[in-house]
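Notes follow the structure.
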Amino acid sequence: DPDAQLCYNDYDIEGVNAKSDGVYALVEDLLARDVPIDCLGIQGHLTAGKLPDDLQENIQRFVDLGLTVRITELDIRVETPASDEALAQQAEDYASVATACLAVEGCLGLTVWGVTDRYSWIPMWFEGFGDALLWDADYEPKPAFDALVEAVGKGRPGRTG
């Protein structure tokens, strides 16, 4: 398919760090050698209250290389049982990720890694953590759902319509 978008997708590259620097160097080298690569997927397996401060900067630097960026597999885990404060922080963090993506013209999407906490992979991999998704185990929307909807509804700064 000549119109297929070829993407590099990886985890722990949300902020500017050693791994994302390595991915940046790899992508820069591939582009310099005319290897087709169109986009970068940033898997957002995050912990509430611990988002990298430079997420938007990191997205922008990959866009500046000529790639589009997508936030893939987004989930934001909290210690369980989740307190109201933890769920409020999670909501703020979901909104922050969406806002960072929307602020960069080449960030084209955000995908949440699952629907309900009932079937989340997080508790199997991160002992003492869970409740990482937008709906709780009873399929009720959490504060993160409303925060994400509100952030997306605001759209890109400077855009109309």
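The values are calculated or read from the model by the stated rules, or taken from the named source; none is laboratory data. For clarity, every value in this text was computed on a predicted model and none was experimentally measured. Cβ atoms come from the backbone with ideal geometry, glycine included; neighbour counts cover every protein chain shown. The accessibility values were calculated without ligands, DNA or RNA, using every heavy atom of the protein model including side chains. Shrake-Rupley method; radii C 1.70, N 1.55, O 1.52, S 1.80 Å.
For the chain, give the share of DSSP beta bridges that are antiparallel, in percent and rounded to the nearest 5; count only bridges with both residues there. Write out the running numbers ahead of the final one.
Numbers: 3 of 21 bridges.
Taking every DSSP beta bridge within the chain, about 15 percent pair in antiparallel fashion.
Show me the three semi-axes of the equivalent ellipsoid for the chain, from the C-alpha gyration tensor (sqrt of 5 times each eigenvalue), largest first, rounded to whole Å. Please list the in-between numbers first.
On the way: eigenvalues 165, 62, 39 Å².
Taking √(5λ) for each Cα gyration eigenvalue gives 29, 18, 14 Å.
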For the chain: accessible area per residue (Å², 1.4 Å): 55 Å²
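Using only C-alpha positions, report the orientation-averaged shadow area of the convex hull of the stretch 1-79, nm², one decimal. It would help to have the intermediate numbers written out before the result.
Values: hull surface 22.0 nm².
So the mean shadow area of the Cα hull is 5.5 nm².
Using Cα pairs under 8 angstrom and six or more residues apart, how large is the relative contact order of the chain, in percent? Write out the running numbers ahead of the final one.
Numbers: 287 pairs, mean separation 33.0, N = 161.
That works out to 20 percent.
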For the stretch 1-86: relative contact order, % (alpha-carbon pairs under 8 angstrom, 6 or more apart): 34 percent
If you take all C-alpha pairs in the stretch 40-88, what percent of them are over 16 Å apart? 49 percent
Assigned charges on the beta-carbon of Lys, Arg, Asp, Glu; the stretch 49-107 dipole about Cα centre (debye): 220 debye
Tell me the Kirkwood hydrodynamic radius of the stretch 78-161 in angstroms, computed as one over the mean inverse distance between distinct C-alpha pairs. 13.6 Å
So what does residue 11 come to for accessible area, using a 1.4 Å probe and Å² rounded to 10? 120 Å²
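With +1 assigned to the C-beta of every Lys and Arg and -1 to the C-beta of every Asp and Glu, and no other charges, what is the dipole magnitude of the chain about the Cα centre in debye, to the nearest 20? Before the final figure, lay out the partial values.
Details: 11 positive and 30 negative charges, 67 e Å.
Charge dipole, the chain, about its Cα centre: 320 debye, nearest 20.
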Carbon and sulfur atoms: what percent of the 1.4 Å accessible area of the chain do they account for? 52 percent
